[in-house]
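The values are calculated or read from the model by the stated rules, or taken from the named source; none is laboratory data. Model, not experiment: these values are computed from the prediction. Cβ sites come from the backbone with ideal geometry, for glycine too, and all protein chains shown count toward neighbours. Heads up: the accessible areas ignore ligands, DNA and RNA and are worked out on the full protein's heavy atoms, side chains in. Shrake-Rupley method; radii C 1.70, N 1.55, O 1.52, S 1.80 Å.
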Amino acid sequence: AAMTIVSPTAATPDGVEVTIMSTTDAAHTVTYDTGFYGNGTTSDVATFAATKGASMTIISSRGAWGVKCLAAVTIA
């Protein structure tokens, strides 16, 4: 899958967690234009290894998503 996410809304409280986990052995991607580390195109794409169970957990903070943890996922 190739997914794109948007920033949390103003109504989203800080601390909301979302986990995305691969159930197939395909190299999925998640794109977040703001950048998972807040620096735009330097960290806007999370690429999952072609491994079942690869996962990422992101957490909302002040209207943005940040990375809480990665397992077999790279961000570039």
Unmet requirement for His28, which otherwise passes all of (1) more than 13 Å from Ile75 (Cα to Cα); (2) touching a Ser or Thr at 6+ places or on another chain (Cβ under 6 Å); (3) of a type outside the set (S, T, N, Q): (1)
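Would you mind stating whether Met56 is loosely packed, with under 13 Cβ neighbours inside 10 Å, at pLDDT 95 or above, aliphatic (A, V, I, L, M) and assigned to a strand (DSSP E or B)? Don't jump to the end; show me each part of the working.
Details: loosely packed, with under 13 Cβ neighbours inside 10 Å: no; at pLDDT 95 or above: yes; aliphatic (A, V, I, L, M): yes; assigned to a strand (DSSP E or B): yes.
No.
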Taking region 59-76, which residues are closer than 12 Å to Ala46 by Cβ and either at pLDDT below 95 or among the β-branched types (Val, Ile, Thr) (or both)? Val67, Val73, Thr74, Ile75
Quick one: in region 4-40, which of the residues that are of a type in the set (A, V, I, L, M) and over 17 Å from Ile59 (Cβ atoms) is nearest to the chain's Cα centre (by Cα)? Ala27
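Would you say Ala64 is over 9 Å from the mean Cα position of the chain (by Cα) and farther than 24 Å from Thr12 by Cα? Quick ask: steps written out before the conclusion?
Numbers: over 9 Å from the mean Cα position of the chain (by Cα): yes; farther than 24 Å from Thr12 by Cα: no.
Spelling it out, it is not the case that Ala64 is over 9 Å from the mean Cα position of the chain (by Cα) and farther than 24 Å from Thr12 by Cα.
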Output for region 1-40, where each listed residue is open to solvent by 60 Å² or more (accessible area, probe 1.4 Å) and outside any loop (DSSP other than H, G, I, E, B): Ala2, Met3, Thr4, Glu17, Thr19, Met21
Residue that is farthest from Ala11 (Cα to Cα), among those in region 41-53 that are assigned to a loop (DSSP other than H, G, I, E, B) and of a type in the set (A, V, I, L, M, F, W, C): Ala50
